[in-house]
Amino acid sequence: MALERRIAIIGGTGMNQWPGLQIQRRDERTTRYGAPSAPLLLGRVDGVEACFLARHGEGHKIPPHLINYRANLCALRDAGITDVIAIAAVGGITPGYAPAAVGVPHDAIDYTFGREHTLSDGSADSQLHHVEMEHPYHPALRAALIAAAQAAHVAIADQGVMGVTQGPRLETPAEIRRAQRDGCDMIGMTSFPEAPLAIELGLRYACLAVSVNWCAGLNTGSAGIHAEIEQSVAQGMAKVRTILAGAMPA
Ligand code: HPA
């Protein structure tokens, strides 16, 4: 029998709630790593069971470096989730990730430091896993998101390299030039350690990246990054909601 897929959305900046979700239950579970960022919101989207977790907490106060990623992913796994779609606001570097563009990254570089990034923590009851990172984002889940976008006639970048920085500050122009040389198409702050932890837990994980600004040094406009973010976030998140509606299993 095929495994029944149960999807969770981890919402980030610009998507602290899932407007299509009819909430039926708040699941306040905790884990051996502590409590997740917020209760899991369980309910239905267009009649399909779904789950939502606010990555930065319900008040959107937890910065990227202080998120308890291990608790978030363990709570989802313990709740029976099989597939995680992570929504991430990013800064764009290459033309496919201009502000308000949406894409599904296929590869990533970790520039973060000091985060609790693995379940292999050396404790007596933990196991040492050298998980493969050949596909940091699950190919079949990425394909489902791309297909949902195409069916809804929403333009989507079907690949991209995500650079993940520590935040919460944005990058300097020199840091962005280095990321550009490294091959990054966009910069976000949360795919590490979210993606590898999902892999350690056997979850399928993909990211819908929403560009909300050009990265530092690339902005040719005069309004500045924060004005650009304000303009792009609503437009990008509207696309995300359309894609998600089509990506839910029938
Ligand atoms: N850099 C890193 N993360 C981001 C950015 C950025 O410019 N914009 C939104 N998230």
Going by the alpha-carbon gyration tensor, a ≥ b ≥ c the square roots of its eigenvalues, is region 14-120 rounded (a/c under 1.5) or, if a/c is not under 1.5, prolate (a/b greater than b/c) versus oblate?
oblate
If I take every Cα pair under 8 Å that is 6 or more residues apart in region 49-172, average their sequence separation and divide by the length, what percent do I get for the relative contact order?
35 percent
Where in the chain are the DSSP H helices whose alpha-carbon span along the long axis reaches 27 Å or more and whose Kyte-Doolittle mean is at least 0.0?
225-247
Looking at the chain as a GNM with Cα springs under 10 Å, which of Ser211, Ser123, Ser232 has the largest mean-square fluctuation?
Ser123
Relative contact order, percent, of the chain when contacts are C-alpha pairs under 8 Å separated by at least 6 residues?
26 percent
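Per residue of the chain, what 222 nm ellipticity follows from adding -39500 (n - 2.57) for every DSSP H run with n ≥ 4, rounded to the nearest 500?
So the helix-based figure for the chain works out to -8500 deg cm²/dmol.
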Charge dipole magnitude, Cβ of K and R +1, D and E -1 - the chain, Cα centre, debye nearest 20
420 debye
Can you sort Lys239, Lys61 so the residue with the fewest Cβ neighbours within 10 Å comes first?
Lys61, Lys239
Euclidean distance between Cα centres, region 53-82 to region 182-206, Å
14 Å
Starting from a Cα-only point model with no solvent, please compute log10 I(q)/I(0) by Debye for the chain at q = 0.08, 0.09, 0.11, 0.16 1/Å.
-0.28, -0.35, -0.54, -1.19
When the chain is modelled as a GNM with alpha-carbon springs shorter than 10 Å, which of Gly80, Gly96, Gly11 fluctuates the most?
Gly80
Can you list residues from other chains, or at least 5 along the same chain, whose modelled amide H is less than 5 Å from the amide H of Ile109?
Met162, Gly163, Val164
Most mobile listed residue (Gly114, Gly20, Gly12) in the chain, GNM with C-alpha springs under 10 Å
Gly114
A student applying the Cα gyration tensor rule (rounded when a/c is under 1.5; otherwise prolate if a/b is larger than b/c, oblate if not) would label region 31-70 prolate
Provide Rg and Dmax in Å for region 72-159, with only Cα atoms included in the calculation.
16.1, 51
Between Arg26 and Asp182, Cβ-based FRET efficiency (R0 51 Å, step 0.05) works out to 0.80
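Coordinate-derived values only; no laboratory data. Fair warning: this is a prediction, and the values are worked out from it, not measured in the lab. Note that we place each Cβ from the backbone using ideal geometry, even for glycine, and neighbour counts take in every protein chain shown.
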